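Colleague: Structure in structure tokens, see below.
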Amino acid sequence: MTTESTTTDNKSIVAAAFASLVETGDVAAVERVLSDGFVHHRPDSTSSTKAEWLASMRASLEKIAGMEVEVQHVLADGDHVVMHSRRRLPSGPEIAVVDIMRFDDGLIAEAWETIEPTTEAAGHLTWWAPKER
């Protein structure tokens, strides 16, 4: 298998599992593509195991029912896939999400996720500016 076909396969795995999760709430579709040692990393430096992350996904299914998802980009390079999406809950804010996944032996071994409410984006674009006194 070539690196190019592996990269394409990894993108297809992510797209299919995510689509199944969003469209039908099928957490098992995602579970099938996670390695046993899967680790999910959050921006606050906390991590969860495969079992912990899947439990949180199952617990949140009711809350995310009706979520609209627009996948903006799915990019892959070797064993990494990056997905950028915009998501809206029926009664919640729009969020921008970047998921980064690392593959090992055809399964997702690690994932990182960053979520930002789009209404806060402008304020986050100037974090480096000196504070006014």
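No value in this document is a laboratory result; all are computed from the given coordinates. Owing to the predicted nature of the structure, the values given are computational and were not obtained by experimental measurement. With ideal geometry, Cβ positions are generated from the backbone for all residues, glycine too; neighbour counts draw on all protein chains shown.
Colleague: Please give every one of the lysines within straight-line cross-link reach of K50, meaning a C-alpha to C-alpha distance under 22 Å, and leave out same-chain neighbours fewer than 8 residues apart.
Modeller: K11, K63
Colleague: If you average 1/r over all unlike Cα pairs in the range 43-111 and invert the result, what Kirkwood radius do you get in angstrom?
Modeller: Its Kirkwood hydrodynamic radius stands at 13.8 Å.
Colleague: Check the straight Cα-Cα distances from K131 and name the aspartates and glutamates below 20 Å, setting aside those fewer than 8 residues away within the same chain.
Modeller: Result set, ordered by chain and number: E120.
Colleague: Given springs between every Cα pair under 10 Å in a Gaussian network model of the chain, which of A122, A111, A28 has the largest fluctuation?
Modeller: Greatest mean-square fluctuation among the candidates belongs to A122.
Colleague: Would you kindly calculate the translational diffusion coefficient of the chain, applying Stokes-Einstein with the Kirkwood radius from alpha carbon pairs, for 25 °C and a viscosity of 0.890 mPa s, and quote it in µm² s⁻¹ without decimals?
Modeller: In µm²/s, the coefficient rounds to 153.
Colleague: Restricting to Cα pairs below 8 Å that are 6+ residues apart, what does the relative contact order work out to for the chain? Please round to a whole percent.
Modeller: Here the relative contact order equals 23 percent.
Colleague: Okay, moving on. With each run of n ≥ 4 DSSP H residues scored as -39500 (n - 2.57), what mean residue ellipticity at 222 nm is computed for the chain after dividing by its residue count and rounding to the nearest 500 deg cm²/dmol?
Modeller: Taking each H run of at least 4 residues, the total per residue is -9500 deg cm²/dmol.
Colleague: Of the options L89, A111, L34, report the single residue whose Cα projects farthest towards the positive end of the charge dipole of the chain (beta-carbon charges: Lys, Arg +1; Asp, Glu -1).
Modeller: So the residue we want is L89.
Colleague: So how strong a dipole does the chain carry about its Cα centre when Lys and Arg Cβ are +1 and Asp and Glu Cβ are -1, to the nearest 20 debye?
Modeller: Around 420 debye, computed over the chain.
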